[in-house]
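Participant: Sharing a structure, written as structure tokens. Questions coming.
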Amino acid sequence: MDGTVLVADDDRTIRTVLTQALTRAGCRVHATSSLTTLLRWVSEGKGDTIITDVMMPDGNGLEMLPKIASDRPGLPVIVISAQNTIMTAIKAADANAFDYLPKPFDLPDLMKRVSKALEQKKTVIRSKKVEFDLPDKENELPLVGKSAPMQGVYRLAARLMNTDLPVLISGESGTGKSLIAKVLHSFSDRRNLPLVTVAPSDLIDLDGPAKVLAKVKGGSLIIEEISDFSLESQARLVQMIDSPGEYSPRFIASMQGSMIEAVESGSIRSDVFYRLGGATIELPSLRECVDDILLLTEHFLNLLEKEGGPRRHLGIQAQDLFRAYSWPGNVRQLQNVVKRLGLTAREHEISLTEVELALENQPEMEGSFGKAGTEKLSNDIERHLRRYFDLHGNILPPTGLYNRVLKELETPLIGVSLEATGGNQAKCAELLGINRNTLRKKISELDIKVARRRKLM
């Protein structure tokens with residue numbers, strides 16, 4: 001890399017690490033803990049790229065971006081921030097930041113982005129200011145998360161904010177699909193226009209589409225759970241997208257599961273997919289964002305305290321159980337469980353026993369075979385292993401992992417197969433596709449109890 005990089009961060013360690021890494025890469029570096037100094041360097045014509053934190057001792061880095069753009073049009077600015085919310089990503093995008101990364105950042109990834117910033121110069125700079133005043137409603141899910149999947153969602157949402165492209169938001173129940181849809185509207189150029197949610201009943205009558213378009217008036221039209229719409233209603237949606245009238249709205253649809261699989265199964269028309277599948281935001285499940293579980297838990301407990309509730313925090317063992325739990329209801333389920341624990345816990349510290357009791361009656365994640373084949377078993381196994389590694393932090397698990405995992409898989413596989421075949425080992429061996437002697441050996445090694453039951457047909 002060749003160029004001068006200006007680094008602004010109040011953390012001395014970050015300044016040192018970035019200075020050393022960029023210098024080794026061939027860059028010249030000026031580092032400071034002051035926004036005032038950074039702005040002076042910019043006004044003096046120094047720097048080919050900027051890396052700046054948001055919260056600085058003498059100001060807000062995001063608020064300085066318009067001035068930097070005014071003084072030095074085309075100067076790329078990379079924003080790094082510990083404020084790991086979608087609002088930070090949106091504000092960075094609206095202020096025309098070259099890129100945004102959450103703290104803690106991956107250094108090689110940041111270096112790649114700096115290299116890209118040095119190679120290309122922006123030619124079009126937006127200077128408008130947007131007021132961010134999304135209402136903080138009690139029933140709204142928070143868009144908070146430092147995990148890589150959630151940060152990817154934030155950056156993608158920010159890029160799609162002011163485009164006219166129809167957007168499809170997919171994700172499991174409780175992941176925040178409705179909130180993302182509202183955010184796409186509330187912080188877009190259409191925010192002063194109507195936001196309308198269309199239901200299947202709105203499209204029953206022949207004049208239904210015309211009435212809906214009259215309501216939205218060029219704003220944003222949200223189609224929640226599009227797979228619940230009849231094929232006839234979907235056909236009318238297609239007509240609305242193709243012929244929106246004088247004031248074309250922004251179409252934002254949401255659904256659970258895969259759009260492609262829904263098309264293949266016939267529950268969604270292919271022409272709907274072709275119109276809505278171009279810009280897709282896939283919201284990860286909470287079990288894919290293990291690092292966000294405790295962050296969200298702390299958020300909900302703080303919110304409860306602000307609302308007049310008692311001050312609470314999770315004990316260490318309770319935290320481990322929270323991280324290991326599958327959370328099939330995702331953030332919505334987590335929110336409800338935390339609120340219940342916050343109100344009923346006997347002490348300031350929520351104990352392991354209290355968490356176990358709270359989760360006792362909660363549903364566990366269904367296996368892939370319980371989802372009508374919508375997901376591969378390997379995906380469930382991968383999520384389980386990722387949670388297992390995450391629970392060990394930066395330390396590797398004990399050796400012998402391969403055999404332990406195989407044992408965990410073999411035991412239920414053989415046990416359920418024996419049950420399905422009524423305890424008939426010959427039939428079970430045939431079902432599994434293994435030798436009968438191998439089966440007997442596995443039954444002995446794994447200490448599997450064989451009981452004669454009515455076999456499944």
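The values are calculated or read from the model by the stated rules, or taken from the named source; none is laboratory data. Quantities reported herein were computed from a predicted structural model and do not represent experimental measurements. When we count neighbours, we look across all protein chains shown, and the Cβ atoms used for this are built from the backbone with ideal geometry, even at glycine.
Participant: Which of the numbered conditions does residue 96 fail, given that it passes all the others? Conditions: (1) modelled with pLDDT under 80; (2) out of contact with any Pro (no Cβ under 8 Å at 6 or more places or on another chain); (3) closer than 15 Å to residue 154 by Cβ.
Facilitator: (3)
Participant: Still on this structure, I have one more. Of 91, 67, which residue is crowded, with 22+ Cβ neighbours inside 10 Å and either outside the structural domain of residue 162 (by TED's automatic domain parsing) or under 18 Å from residue 117 (Cα atoms) (or both)? Let's see the steps before the verdict.
Facilitator: On the way: 67 fails: crowded, with 22+ Cβ neighbours inside 10 Å.
Only one candidate qualifies: 91.
Participant: Of the residues 93, 31, 69, which single one is more than 28 Å from residue 296 (Cα to Cα) and in contact (Cβ under 8 Å) with a residue 40 or more places away in the chain?
Facilitator: Values: 93 fails: more than 28 Å from residue 296 (Cα to Cα); 31 fails: in contact (Cβ under 8 Å) with a residue 40 or more places away in the chain.
None of the other options fit; the residue is 69.
Participant: Right, something else. Would you call residue 7 touching a helix residue (DSSP H, G or I) at 6+ places or on another chain (Cβ under 6 Å), crowded, with 18+ Cβ neighbours inside 10 Å and over 29 Å from residue 188 (Cβ atoms)? Working first, answer last.
Facilitator: Numbers: touching a helix residue (DSSP H, G or I) at 6+ places or on another chain (Cβ under 6 Å): yes; crowded, with 18+ Cβ neighbours inside 10 Å: yes; over 29 Å from residue 188 (Cβ atoms): yes.
In short, yes.
Participant: Could you say whether any residue in region 173-188 is over 22 Å from residue 268 (Cβ atoms), buried (at least 19 other Cβ atoms within 10 Å of the Cβ) and in contact with a Phe, Trp or Tyr (Cβ under 7 Å, 6 or more places away or on another chain)?
Facilitator: yes
Participant: Right, residue 85: modelled with pLDDT of 90 or more, of a type in the set (S, T, N, Q) and in contact with a strand residue (DSSP E or B) (Cβ under 8 Å, 6 or more places away or on another chain) or not? Let's see the steps before the verdict.
Facilitator: Details: modelled with pLDDT of 90 or more: no; of a type in the set (S, T, N, Q): yes; in contact with a strand residue (DSSP E or B) (Cβ under 8 Å, 6 or more places away or on another chain): yes.
Answer is no for this residue.
Residues checked against (1) outside the structural domain of residue 296 (by TED's automatic domain parsing); (2) under 21 Å from residue 288 (Cβ atoms); (3) of a type in the set (Lys, Arg); (4) at pLDDT 85 or above:
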site: 111; (1), (2), (3), (4): yes, no, no, yes
site: 133; (1), (2), (3), (4): yes, no, no, no
site: 152; (1), (2), (3), (4): yes, yes, no, no
site: 180; (1), (2), (3), (4): yes, yes, no, yes
site: 184; (1), (2), (3), (4): yes, no, no, yes
site: 188; (1), (2), (3), (4): yes, no, no, no
site: 192; (1), (2), (3), (4): yes, no, no, yes
site: 196; (1), (2), (3), (4): yes, no, no, yes
site: 200; (1), (2), (3), (4): yes, no, no, yes
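Participant: For residue 316, only one of the following conditions fails: (1) among the aliphatic types (A, V, I, L, M); (2) loosely packed, with under 14 Cβ neighbours inside 10 Å; (3) within 28 Å of residue 378 (Cβ to Cβ). What is its number?
Facilitator: (3)
Participant: If you check 37, 52, 13, which single one turns out to be under 21 Å from residue 106 (Cα atoms), in the same structural domain as residue 106 (by TED's automatic domain parsing), among the β-branched types (Val, Ile, Thr) and assigned to a helix (DSSP H, G or I)? Explain how you work it out, then say what you get.
Facilitator: Values: 37 fails: under 21 Å from residue 106 (Cα atoms); 52 fails: assigned to a helix (DSSP H, G or I).
So the residue among 37, 52, 13 that is under 21 Å from residue 106 (Cα atoms), in the same structural domain as residue 106 (by TED's automatic domain parsing), among the β-branched types (Val, Ile, Thr) and assigned to a helix (DSSP H, G or I) is 13.
Participant: With 270, 285 as the choices, which residue is polar (S, T, N, Q), more than 15 Å from residue 336 (Cα to Cα), under 17 Å from the mean Cα position of the chain (by Cα) and surrounded by fewer than 21 Cβ atoms within 10 Å (Cβ to Cβ)? Talk me through it step by step, then tell me what you get.
Facilitator: Details: 270 fails: under 17 Å from the mean Cα position of the chain (by Cα).
The conditions single out 285.
Participant: Are any residues in region 380-421 outside any helix (DSSP H, G or I) and either at pLDDT 85 or above or loosely packed, with under 12 Cβ neighbours inside 10 Å (or both), and if so, which ones? Show your work before the answer.
Facilitator: Step one: list which residues in region 380-421 are outside any helix (DSSP H, G or I), which gives 392-400, 421.
392, 393, 394, 395, 396, 398, 399, 400, 421 - these are the residues of region 380-421 that are outside any helix (DSSP H, G or I) and either at pLDDT 85 or above or loosely packed, with under 12 Cβ neighbours inside 10 Å (or both).
Participant: Okay, moving on. So which strands (runs of 3 or more DSSP E) stay within region 205-292 end to end and still have 2 or more residues that are in contact (Cβ under 8 Å) with a residue 40 or more places away in the chain and in contact with a Ser or Thr (Cβ under 6 Å, 6 or more places away or on another chain)? Before you say what the answer is, go through the steps one by one.
Facilitator: Working: elements: 220-223, 250-255, 279-282.
In region 205-292, the matching strands (runs of 3 or more DSSP E) lie at 250-255.
Participant: The conditions are (1) touching an Asp or Glu at 6+ places or on another chain (Cβ under 9 Å); (2) more than 22 Å from residue 104 (Cα to Cα); (3) not in a helix (DSSP H, G or I), and residue 42 fails exactly one of them. Which is it?
Facilitator: For residue 42, the failing item is (3).
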